[in-house]
Amino acid sequence: MSENKKNIAILGSTGSIGTQALDVIRANPDSFVVEVLTGNGNADLLIKQAIEFNPNSVVIADESKYAYVKEALQSYDIKVFAGNKAIAEIVQMDSVNMVLAAIVGYAGLESTISAIKAGKQIALANKETLVVAGDLVTNLAKEKGVNLYPVDSEHSAIFQCLAGEFHNPIEKIYLTASGGPFRGKDKNFLATVKKEQALKHPNWEMGAKITIDSASLMNKGLEVIEAKWLFNLKPEQIDVIVHPQSIVHSLVQFTDGSMKAQMGLPDMKLPIQYALGYPNRMKSDFPRFSFFNYPQLTFEQVDTKTFRNLALAFEAMNKGGNSPCILNAANEIAVNAFLKDKIGFLEMSDVVEKCLQTVSFIAKPSYDDYVETDLATRQFANELI
Ligand code: NDP
Ligand code: MG
């Protein structure tokens, strides 16, 4: 292990967050060492990253690509493994200090829990982990003395506003939402939109799943639930405000009425670097904000009648138990079906709503209950499609 450097396992290194994390690490070689890289379908990029960063190990989740990756890396001193079980094991390695959880969706849950069990610090991008099993995950982190450093820009903003304020109670938080590509549109318009339109986000470049979630406002719904668990809030302490410029990344209101916001250009490298480098703010050459490019910052109410996903997420959070797990699984199936042109944009909400109504409710789920709920919901959602 290197002195004074953080040894990092990057789960989902071939994705949008993963590659940007590697940009941050490439620019800060004195602060970080890459210990583990993992990918799923993109074996070529995983191989390229491995050759550049020379990690201890790489894992390709898609086991059918194991031989290909192994062969490509055979002349390097890099161990190669395959499968999600291997990811969950490798994060427990002694030489890993911090795990960046940047796998997308429910698939990231097991490895994140495994890393927390081993006492690793977590930089958390995979919001679905907290949506599905927020109670288990946060209790386990507390028990193990593990910090969950948010990577999601809104939650990083809240976390940055809370620095030096951890002893002061929060009155409420405002999560900002860009409103996505369909802000201001009505249901007639949404009924006809195609994936190409939904995949064009005005302010952020991200993986396909979260980009669709941003267009449907499910992303904000997942973030509301994520915030509840990260900051130990009651549902009524969380509000969403549309802010199309994505400069104010979120706000905290304290019990004296004072509000703090964190601002900056929309660039995920900033929250990634803050999470990896915490408690230090490391220098960066990211583009700086100019007031003259943004003469106006505007705020408006969110339209939960048109964008029902956000209302459904609030409902699931209020109901608690395995409801957010049902919401998440139904949404993953619905988004996948929308991306394959099997259902329309508005039908994604129908699938989520029907699953919430139908899949059995469990008030105090165990880990196995979550696994079962996820599976049962996927089956039912697929039947609806
Ligand atoms: P991407 O789709 O770009 O990347 C996902 C990563 O996970 C890839 O490395 C992918 O591998 C891997 N992966 C996909 N499926 C599996 C699986 N079944 N098992 C193991 N690995 C898998 O997603 P993003 O980077 O956009 O998002 C990652 C997470 O971060 C999400 O939870 C998202 O909500 C969150 N997030 C993302 C933001 C962003 O700006 N992108 C902002 C805030 C949060 P491969 O590509 O090789 O198939
Ligand atoms: Mg976000």
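Values in this text are rule-based calculations from the coordinates and carry no lab data. Just so it is clear, the model here is predicted, and its values are computed rather than measured. Heads up, the Cβs are rebuilt from the backbone with ideal geometry, glycines too, and the neighbour counts pull from every protein chain shown.
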Quick one: if you stick a label point 7 Å off each Cα along the C-beta vector at GLN296 and LYS200, how many nm between them? 2.3 nm
Which order do peptides 48-60, 365-377, 5-17 fall in by mean Cβ count within 10 Å, highest first? 5-17, 48-60, 365-377
Regarding segment 1-109, what is the average projected area of its C-alpha convex hull, in nm²? 6.2 nm²
Which of MET98, MET282 has the fewest Cβ neighbours within 10 Å, and the rest in rising order: MET282, MET98
How big is the dipole moment of segment 320-385 about its Cα centre under a simple scheme where the beta carbon of each Lys and Arg is +1, that of each Asp and Glu is -1, and everything else is neutral? Debye, nearest 20, please. 60 debye
Taking the Cα centre of the chain as the origin and placing charges on Cβ (Lys, Arg +1; Asp, Glu -1), which of SER153, ALA261, PHE32 is farthest toward the positive end of the dipole? ALA261
In Å and whole numbers, how far do the C-alpha atoms of segment 331-385 stretch along each principal axis, longest first? 35, 17, 14
Does segment 62-152 come out rounded, prolate or oblate by the C-alpha gyration tensor, with a ≥ b ≥ c the root eigenvalues, rounded set by a/c under 1.5 and, if not, prolate when a/b is larger than b/c and oblate if not? prolate
Filter the chymotrypsin sites (Phe, Trp or Tyr not before Pro) in segment 163-266 down to the DSSP loop ones having no more than 12 other Cβ atoms within 10 Å, then list what survives. PHE166
Translational diffusion coefficient of segment 259-385 at 4 °C, 1.567 mPa s, Stokes-Einstein with Kirkwood Rh over Cα pairs, in µm²/s as a whole number. 73 µm²/s
Cα-Cα pairs of the chain separated by more than 30 Å (percent): 38 percent
Of ALA123, VAL224, HIS243, whose Cα points farthest to the positive end of the dipole of the chain (charges on the beta-carbon: +1 Lys, Arg; -1 Asp, Glu; origin at the Cα centre)? HIS243
Given unit charges at Cβ for Lys, Arg (+) and Asp, Glu (-), the dipole magnitude of the chain about its Cα centre in debye, nearest 20, is 380 debye
Are any of the pairs LYS48/LYS269; LYS144/LYS172; LYS5/LYS120; LYS209/LYS283 more than 19 Å apart by Cα-Cα distance, and if so, which? LYS48/LYS269; LYS144/LYS172; LYS209/LYS283
Starting from segment 270-335, pick out the trypsin sites (Lys or Arg not before Pro) whose DSSP state is loop and whose Cβ has at most 13 other Cβ atoms within 10 Å. ARG281, LYS283, ARG288, LYS305
Which of ILE60, LEU45, SER95 sits farthest toward the positive end of the charge dipole of segment 6-150, with +1 on the Cβ of Lys and Arg and -1 on the Cβ of Asp and Glu? SER95
Would you calculate a helix-derived [θ] at 222 nm for the chain, using -39,500 (n - 2.57) for each DSSP H run of n ≥ 4 and dividing by the full residue count, to the nearest 500? -13500 deg cm²/dmol
I'd like the distance between the alpha-carbon centres of segment 169-186 and segment 331-385, rounded to an integer number of Å. 24 Å
